[in-house]
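Student: For reference, the structure I am asking about is given below.
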Amino acid sequence: MNNVRLADIAERVGVSIVTVHNALAGRRGVSDEVRDKILREADAMGYQQKRPAPVRDKSRRLKHIGVIISEKYLADYTTYYWKMYQEMAIAATDKNCIVAVEVLRHETEDHLILPRMLEEDTVDGLIVLGAIHREYIALMQENTDIPLVFLDYYDCELARNAVVADDFYGMYQMTEYLFERGFQELAYVGSIHATSSIMDRYCGFYKAMLEHGKQPRPDWLMEDRDEIGYIHLALPEEMPQAFVCNCDLVAGMLIQELEKQGYQVPEDISVVGFDNYVYPGFPDKQVTTYEPDMKAMAAAALDKALKQIKNPENSGKLEVISGRIVEKNSVRNTASPYSGEKSAVSQELMSG
């Protein structure tokens with residue numbers, strides 16, 4: 001049995017696992033010198049690039065779709081991604097297939113250990129929910145012939161067969177929503193480099209700002225989490241008229257912090273979010289938000305997997321699913337363009 005992994009070759013050559021993956025797959029972006037070195041090392045180590053295609057029971061009527069969710073996206077309550085999995089389970093009934101979930105543990109991902117679903121060949125297709133390490137994606141692609149579909153994550157190099165929410169134009173619409181109501185001084189709340197979704201949402205915010213002749217102020221581009229995902233918010237010294245938050249959880253926590261400081265939402269400061277998802281146990285702050293079409297995203301991911309099971313030559317591509325704005329109570333109702341006047345509470349806070 002061949003036990004040589006991409007990680008072993010990468011360590012021997014001194015390059016990343018993604019570089020090894022691209023070299024072995026014949027993709028561009030790797031110099032001839034590095035590619036030759038990788039190929040020679042892989043051959044010397046006895047690496048087998050592809051496992052033989054598994055023998056499957058063609059008579060099996062129901063297709064089995066595996067769903068991988070990283071442990072980092074789970075908690076003691078029902079998270080956004082767990083809700084997404086539930087939508088897939090419901091959609092699977094109508095699509096004559098079965099879905100089963102496997103939690104990707106931190107140590108499994110960090111040590112590049114294949115999911116049991118792939119090791120034991122128990123599924124016909126696999127849907128990866130949310131972002132995971134690029135090296136881990138390369139590992140799965142090198143060790144399976146079944147369709148891999150990525151839901152709510154896209155990478156132009158490794159995860160092109162994907163279904164995502166319209167993060168860019170969704171947040172662009174939310175920012176325009178504020179401009180249309182007369183708000184001019186806007187802050188963005190979200191660690192831009194933490195996830196691709198937060199980055200895409202920031203880019204939508206930035207596009208709207210530029211179209212209105214605005215440049216984001218550095219002190220109004222607020223980090224919201226650390227490297228392990230712990231959320232911590234620090235208010236700026238000077239307040240904007242409105243905060244554009246990368247998700248509703250952050251928006252709700254921001255409103256709590258504003259209220260602690262004596263501000264009223266939306267009377268003094270307005271807040272918008274993204275997801276239209278209230279975490280169980282967290283107070284509903286009635287945040288005006290953008291709601292991705294979770295049901296449509298789940299159904300589209302299943303359709304991708306099933307079509308590629310039926311026709312393996314059907315190459316996957318990116319599919320973007322639009323959502324809608326949901327108006328609640330976190331944006332001040334302005335009958336006329338925002339005048340910039342502060343409420344009595346704001347005046348008192350800023351003067352003292």
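The values are calculated or read from the model by the stated rules, or taken from the named source; none is laboratory data. Just so it is clear, the model here is predicted, and its values are computed rather than measured. Note that each Cβ is placed from the backbone with ideal geometry, even for glycine, and that neighbours are counted across all protein chains shown.
Student: Which pairs have Cβ atoms under 7 Å, sit 6 or more apart or on different chains, and link a residue in the range 272-283 that is free of Cβ contacts under 8 Å to residues at least 60 places away in the same chain to one that is acidic (Asp, Glu) and assigned to a loop (DSSP other than H, G, I, E, B)?
Tutor: Pairs that qualify, where the first residue is free of Cβ contacts under 8 Å to residues at least 60 places away in the same chain and the partner is acidic (Asp, Glu) and assigned to a loop (DSSP other than H, G, I, E, B), are 278/284.
Student: A follow-up question, please. Among the residues of the range 254-269, is there at least one that is in contact with a helix residue (DSSP H, G or I) (Cβ under 7 Å, 6 or more places away or on another chain) and either among the aliphatic types (A, V, I, L, M) or free of Cβ contacts under 8 Å to residues at least 40 places away in the same chain (or both)?
Tutor: Checking the range 254-269: at least one residue is in contact with a helix residue (DSSP H, G or I) (Cβ under 7 Å, 6 or more places away or on another chain) and either among the aliphatic types (A, V, I, L, M) or free of Cβ contacts under 8 Å to residues at least 40 places away in the same chain (or both).
Student: Can I ask one more? In this structure, is residue 178 within 21 Å of residue 277 (Cβ to Cβ), assigned to a loop (DSSP other than H, G, I, E, B) and not acidic (Asp, Glu)?
Tutor: Values: within 21 Å of residue 277 (Cβ to Cβ): yes; assigned to a loop (DSSP other than H, G, I, E, B): no; not acidic (Asp, Glu): yes.
For residue 178, the condition - within 21 Å of residue 277 (Cβ to Cβ), assigned to a loop (DSSP other than H, G, I, E, B) and not acidic (Asp, Glu) - is not met.
Student: Consider residue 302 carefully, then state whether it is outside the structural domain of residue 331 (by TED's automatic domain parsing), surrounded by 14 or more Cβ atoms within 10 Å (Cβ to Cβ) and either over 24 Å from the mean Cα position of the chain (by Cα) or not charged (D, E, K, R) (or both). Step through it out loud before you land on a result.
Tutor: Details: outside the structural domain of residue 331 (by TED's automatic domain parsing): yes; surrounded by 14 or more Cβ atoms within 10 Å (Cβ to Cβ): yes; either over 24 Å from the mean Cα position of the chain (by Cα) or not charged (D, E, K, R) (or both): yes.
So residue 302 passes the test.
Student: Is it the case, given these coordinates, that residue 201 is under 25 Å from residue 283 (Cβ atoms) and not aromatic (Phe, Trp, Tyr)?
Tutor: Working: under 25 Å from residue 283 (Cβ atoms): yes; not aromatic (Phe, Trp, Tyr): yes.
Against the criterion (under 25 Å from residue 283 (Cβ atoms) and not aromatic (Phe, Trp, Tyr)), residue 201 qualifies.
Student: Out of the residues in the range 25-55 that are at pLDDT 85 or above, of a type in the set (A, V, I, L, M, F, W, C) and assigned to a helix (DSSP H, G or I), state the one that is nearest to residue 123 (Cα to Cα).
Tutor: The residue in question is 42.
Student: Among what's in the range 79-112 and is among the aliphatic types (A, V, I, L, M) and within 17 Å of the chain's Cα centre (by Cα), pick the residue that is farthest from residue 62 (Cα to Cα). Write out each step before concluding.
Tutor: Restricting attention to the range 79-112, the residues satisfying the condition of being among the aliphatic types (A, V, I, L, M) are 84, 88-92, 98-101, 103-104, 112.
Then drop every residue that is not within 17 Å of the chain's Cα centre (by Cα), which leaves 84, 88, 103-104.
Values: 84: 21, 88: 15, 103: 23, 104: 25 Å.
Of everything passing the filter in the range 79-112, 104 is farthest from residue 62 (Cα to Cα).
Condition check ((1) under 23 Å from residue 293 (Cα atoms); (2) not assigned by TED's automatic domain parsing to the domain that holds residue 302) across all residues:
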{"position": "89", "(1), (2)": "yes, no"}
{"position": "95", "(1), (2)": "yes, no"}
{"position": "114", "(1), (2)": "no, no"}
{"position": "134", "(1), (2)": "no, no"}
{"position": "193", "(1), (2)": "no, yes"}
